[in-house]
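Each reported figure results from applying straightforward, stated rules to the coordinates on display, with no laboratory input. All figures in this text were calculated on a predicted structure; none of them were measured in a lab. Positions of Cβ are backbone-derived with ideal geometry, glycine not excepted, and every protein chain shown enters the neighbour counts.
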Amino acid sequence: MAALRCKVALEDSLDLPVDLIVKEPGEEKPIYNLAKAQGIQL
């Protein structure tokens, strides 16, 4: 629920759509590498 509140707050502040990816410790999924390579870190 905290991640969802963060996403909404960012979208409201930036007036842009935001995709928020929350990485769980010890978990490696392909989306994490893709987001790191192509995403924009805030």
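Note on segment 23-42: residues that are of a type outside the set (S, T, N, Q), closer than 18 Å to LEU4 by Cα and surrounded by fewer than 10 Cβ atoms within 10 Å (Cβ to Cβ) amount to 2.
This table checks each residue for (1) over 10 Å from the mean Cα position of the chain (by Cα); (2) among the β-branched types (Val, Ile, Thr); (3) assigned to a loop (DSSP other than H, G, I, E, B).
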| site | (1), (2), (3) |
| --- | --- |
| SER13 | yes, no, no |
| PRO17 | yes, no, yes |
| ILE21 | no, yes, yes |
| GLU27 | yes, no, yes |
| ASN33 | yes, no, no |
| GLN41 | no, no, yes |
